[in-house]
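These notes concern the structure reproduced below.
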Amino acid sequence: MDLLVETFFNLAIMREALPLLLRGVLTTLALCAVVIPLGFAGGLVLAVLGTTRSRWKRFLLACWIDFFRAVPPLVLLIFVHSGLPFAGIELTAFAAVAVAFLLNNSAYYAEIVRAGIESIGRGQREAARSTGLTATQTLTWVVLPQAVRNVLPDLLSNTIEVVKLTSIASVVALPELLYAADMARSVTYNASPIVLAAGFYLLLLWPVVRLLSRLEHRIAG
Amino acid sequence: MSEPGANGDYILEARGLRKSFGDLEVLKGVDFRVRSGELVFVIGPSGSGKSTLLRCFNRLEEPSAGSVVVHGVDLMARSTDINAMRRRIGMVFQSFNLYPHLRVRSNVTLALRRVLRKPRVEADRIAEAALARVGLADKADAYPSELSGGQQQRVAIARALALEPQLVLFDEPTSALDPELVGSVLTVMRDLRAAGMTMVVVSHEMRFAREAADRVVFMDDGCIVEEGSPEEIFERPRSPRLREFVAEVTR
Ligand SMILES: Nc1ncnc2c1ncn2[C@@H]1O[C@H](COP(=O)(O)OP(=O)(O)OP(=O)(O)O)[C@@H](O)[C@H]1O
Ligand SMILES: [Mg+2]
């Protein structure tokens, strides 16, 4: 029992690792602040492009989206970080993570937004067009606001996955939260920093998870 | 080609309209004209092409052949700005199609603000006047879901009126309403007619047709079979198909 507490809940070690982990939290937050808006914006763009009437454009888009949903994000990240330099494109660790996440997340967000767009009946579009709105204006002011609102829970749960996924940035030595915790662990030979990191993730995500279940409740009820 | 002005009498003039969905020909060469201030009623059995015809009048449906001229402008011409023309042609749908995410006021102002680029204050003023016309001045801040069906349909009418259309198309405006709510919508339509609005109405409200229509058009199987005054159509139907239809709906 003592050993368990000693290894996982060692307060002295946690205190020692705290500054390092706090910097990790900041990096994780910075990563999220870049990766989430970028991924969502990319997803919106892909979903909107997907409303084209041209069949082959839709096909190409579907291929793009399927591809980036099928490739494991870790593989994608390693490829972007250590593969692209062979093509003469050198990216910082942070930029590599941002690019890999943009490619991966936007594909997921796109699928969610597409479902949202499809949930809007033809009548909404027709009413808007009958008052003289262009197709783009109709999408902007009538379809997308409703589409996004209809799939808000899915968007949120995808966002939670994205936040968790930022921990894979540790493989390219970006000192985000998990990387910092693992460094502290390997220096102290003690797992307590990892437990502390878990606590931080919980702190970060718990409000979002609460919000999500409230939303899901509201929609179900 | 008719010269501009030659058909000045007619707000809407459609000639030889055809529309096919795949192999199914839904409109088989329809000629349809509406004079300024007229209320034309379109009746006919389900599937006869009434909605399709109406939707060709603002090109929500693309005719396969034929011409549609509204206020002297050929809607089918390449040079025609269809969005600008649609603002002059109001449309009211069976299912209201209000924007559920916007308040009543914003439902009415959306096109004023985003298309006509009117400042908020002016758009709101126009919206409130339009809502007053349909008796809903006090509902401007409500969301559509907080209104009854009849109120929603009147908001939809206000949304069309706010753009000062020269013509309003109604596609079964009361068919989705509980019977006790139909009256409020018909009252608004009566007021519109009294104010000289040009209207084309697809509806099963035969009593309203008798009382308010200048002309009734009977469609069957993609063609106009018979047209005339309400008395001619309802009291002295000539074609067997119309006789059958009238007998059925007035039973
Ligand atoms: N988008 C479409 N694709 C294929 N067929 C269609 C489409 N729209 C209408 N139709 C068909 O065209 C025919 C005429 O339809 P329309 O809606 O114009 O009839 P209607 O007279 O309005 O009937 P109702 O009284 O039931 O509303 C029907 O057979 C219908 O199934
Ligand atoms: Mg119809």
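Just so it is clear, none of the values below were taken in a lab; they were calculated from the coordinates. This one's a predicted model, so the numbers in the text were calculated from it and none came from an experiment. Cβ sites come from the backbone with ideal geometry, for glycine too, and all protein chains shown count toward neighbours.
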statement: Connecting every pair of Cα atoms under 10 Å apart in chain A and solving the GNM, the largest mean-square fluctuation among A:Gly88, A:Gly116, A:Gly42 falls on A:Gly88
- line: Residue by residue through the stretch A:73-85, the couplings from Karplus 6.51 cos²θ - 1.76 cosθ + 1.60 with θ = phi - 60°, in Hz, x for Gly and Pro, are x, 5, 4, 4, 5, 4, 4, 5, 6, 10, x, 4, x
field: Cα gyration tensor category, rounded, prolate or oblate, for chain B with a/c compared to 1.5
entry: oblate
Local electrostatic count at A:Asp154 - Lys and Arg +1, Asp and Glu -1, tallied over other residues with Cβ under 12 Å: -1
message: Which aspartates and glutamates, if any, have their Cα less than 12 Å from the Cα of A:Lys164, not counting same-chain residues under 8 positions apart?
response: A:Glu176
task: Quick one: compute the contact order of chain B, relative version, from alpha carbon pairs under 8 angstrom and 6+ residues apart, as a percent.
output: 26
message: Need one number for the stretch B:57-132: average projected area of the convex hull over its C-alpha atoms, nm².
response: 6.6
field: Contour minus Cα-Cα distance for A:Leu211 and A:Glu6 (0.36 nm per residue)
entry: 70.3 nm
message: Can you return the lysines within cross-link range of B:Lys19? Criterion is Cα-Cα under 27 Å, with same-chain partners fewer than 8 residues away left out.
response: B:Lys28, B:Lys50
query: Which order results if B:Ile82, A:Ile168 are arranged by neighbouring Cβ count within 10 Å, fewest first?
result: B:Ile82, A:Ile168
message: Per residue of the stretch A:133-142, what does 6.51 cos²θ - 1.76 cosθ + 1.60 with θ = phi - 60° give for ³J(HN,Hα)? Whole Hz please, x for Gly and Pro, Karplus curve as stated.
response: 5, 6, 4, 5, 4, 4, 4, 5, 9, 10
message: Between 0 and 90 degrees, rounded to the nearest ten: what's the tilt of helix A:11-49 against the longest Cα principal axis of chain A?
response: 10
- prompt: Taking each residue of B:96-106 in turn, how many C-beta atoms of other protein chains fall within 10 Å of its C-beta, and what is the average?
  reply: 4
field: Rg(Cα) / (2.2 N^0.38 Å) computed for chain A, rounded to two decimals
entry: 1.24
Surface/4 of the Cα convex hull for the stretch A:151-221, nm²: 5.2
- prompt: What is the calculated FRET efficiency for B:Ser239 to B:Glu211, with r their C-beta to C-beta distance and R₀ = 22 Å, to the nearest 0.05?
  reply: 0.40
message: From the convex hull of the Cα coordinates of the protein assembly as shown, what is the mean projected area in square nanometres?
response: 31.8
query: For B:Arg103 and B:Ala77, FRET efficiency with R0 = 22 Å and r from the beta-carbon atoms, rounded to 0.05?
result: 0.05
- prompt: Quick one: B:Thr250, A:Thr7, fewest Cβ neighbours within 10 Å first, how do they rank?
  reply: B:Thr250, A:Thr7
task: Could I have the simple spin-label model distance between A:Thr188 and A:Ser82, label points 7 Å from Cα toward Cβ, reported in nm to one decimal?
output: 2.9
